[in-house]
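**Q** Got a structure for you, questions after.
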Amino acid sequence: MAVEVTVIKSTVVAPTIIQQIVASMPEWFQLGGAVMWLLLFTSFLVTIVSLERAFSWLIYLTQKERPVINDIFAFLNKKEKAQALICSQTIQTPALLMLKHGIETLPFSPKEKMHSYAKVQVGSLSQGQTLLVSAVITAILLGFLGTALQLIFSFNNISLMQTNINGAVIGAIANALIPLATGLCVSLLAFIPYKIFQTQLQKLQQHLENIGSEFNHICQQKQLITNQLSEIMKLQEKRLASTADDKETETVAEQSEMPYHYEFKEGSDEVNVSLHKDMKDLQKTSQSSLMDMYKDELNIPIKKEK
């Protein structure tokens, strides 16, 4: 007589990847609740941004730009603008790039262009500062949120218990304080590098201001900045004087050769152009295009009347 034996195999569901990750975390992390994962993500972002900013500042601080700046000022004292421009391109630092743009602007005033470019350089090195400040506040708020949620859930479970309530309350409070302590740690992790980078940023701003002031002083002393707008204004006055006698009978069409009135502002690269009273609104043209308009006439020497 044959006996049949049936073997029943038990099937065990393998844990998923998420469950494996959760199980691998420390016990105190699991007791902190779901907010701990948000704090972990925040700390990850803070670490990445801090390392990237630290690497950028390390590259900047290790570059020796002061000898190059001294060479540029020495060439400018000799009025050798071409050599100074070549020297400014040897190292890519904010100060040298600012000087490069200033030298290229000569003989016109480079003050405004250098000031705007310095802002761009400071802004590029201040990237990530906003994220670090946001992380400081976010981490603290997440810590308080995690503590509040843990207290709510723990006290709700304790209310259903009948024995050993005192020990359960103490344990619930201890577990609820874990997210708050973690949030404060993440906040410090973001606040410390933020203050370090902010201090370096202020030093860079002061450094660029000093370099710009020294550059403008040398340009003024060596007369590297010239103002040819006065010659254009004289030419304008001469043309207006030549047509003053016919002003009453002239029409707009007859004044098509010179239908504009130019206003120049000292220290500005723009020229305000006002049309004839019978024409339309104000327009603007750049100083460089106006110089090109009168280039030929400025180069022709005006003969003095006997």
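The rows are residues; the columns are (1) in the same structural domain as ARG53 (by TED's automatic domain parsing); (2) of a type in the set (Phe, Trp, Tyr); (3) at pLDDT 70 or above.
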{"residue": "PHE153", "(1), (2), (3)": "yes, yes, yes"}
{"residue": "ALA168", "(1), (2), (3)": "yes, no, yes"}
{"residue": "ALA172", "(1), (2), (3)": "yes, no, yes"}
{"residue": "ALA181", "(1), (2), (3)": "yes, no, yes"}
{"residue": "ILE196", "(1), (2), (3)": "yes, no, yes"}
{"residue": "GLN206", "(1), (2), (3)": "yes, no, yes"}
{"residue": "GLU209", "(1), (2), (3)": "yes, no, yes"}
{"residue": "SER213", "(1), (2), (3)": "yes, no, yes"}
{"residue": "GLU250", "(1), (2), (3)": "no, no, no"}
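**Q** Which is in contact (Cβ under 8 Å) with a residue 24 or more places away in the chain, within 17 Å of GLU209 (Cα to Cα) and surrounded by 19 or more Cβ atoms within 10 Å (Cβ to Cβ), of ALA118, ALA139, ALA135? Quick ask: steps written out before the conclusion?
**A** Working: ALA139 fails: within 17 Å of GLU209 (Cα to Cα); ALA135 fails: within 17 Å of GLU209 (Cα to Cα).
Testing whether each residue is in contact (Cβ under 8 Å) with a residue 24 or more places away in the chain, within 17 Å of GLU209 (Cα to Cα) and surrounded by 19 or more Cβ atoms within 10 Å (Cβ to Cβ) leaves just ALA118.
**Q** Still on this model: Could you list, in sequence order, all residues of region 37-47 that are out of contact with any Gly (no Cβ under 9 Å at 6 or more places or on another chain) and closer than 17 Å to TYR194 by Cβ?
**A** Restricting attention to region 37-47, the residues satisfying the condition of being out of contact with any Gly (no Cβ under 9 Å at 6 or more places or on another chain) are 37, 40-41, 43-47.
Of everything in region 37-47, those that are out of contact with any Gly (no Cβ under 9 Å at 6 or more places or on another chain) and closer than 17 Å to TYR194 by Cβ turn out to be SER43, PHE44, LEU45, VAL46, THR47.
**Q** Enumerate the helices (runs of 4 or more DSSP H) found wholly within region 74-169, keeping only those where 1 or more residues are among the acidic types (Asp, Glu) and closer than 30 Å to ILE48 by Cα.
**A** Values: elements: 81-87, 94-105, 111-125, 129-158.
Once the helices (runs of 4 or more DSSP H) in region 74-169 are filtered for at least 1 residues that are among the acidic types (Asp, Glu) and closer than 30 Å to ILE48 by Cα, nothing remains.
**Q** For region 32-73, enumerate the residues that are in a loop (DSSP other than H, G, I, E, B) and either within 30 Å of the chain's Cα centre (by Cα) or exposed (fewer than 15 other Cβ atoms within 10 Å of the Cβ) (or both).
**A** Step one: list which residues in region 32-73 are in a loop (DSSP other than H, G, I, E, B), which gives 32-34, 63-65.
Passing the criteria: ALA34, GLN63, LYS64, GLU65.
The values are calculated or read from the model by the stated rules, or taken from the named source; none is laboratory data. Fair warning: this is a prediction, and the values are worked out from it, not measured in the lab. Neighbour counts run over all protein chains shown; Cβ positions are idealised from the backbone, glycine included.
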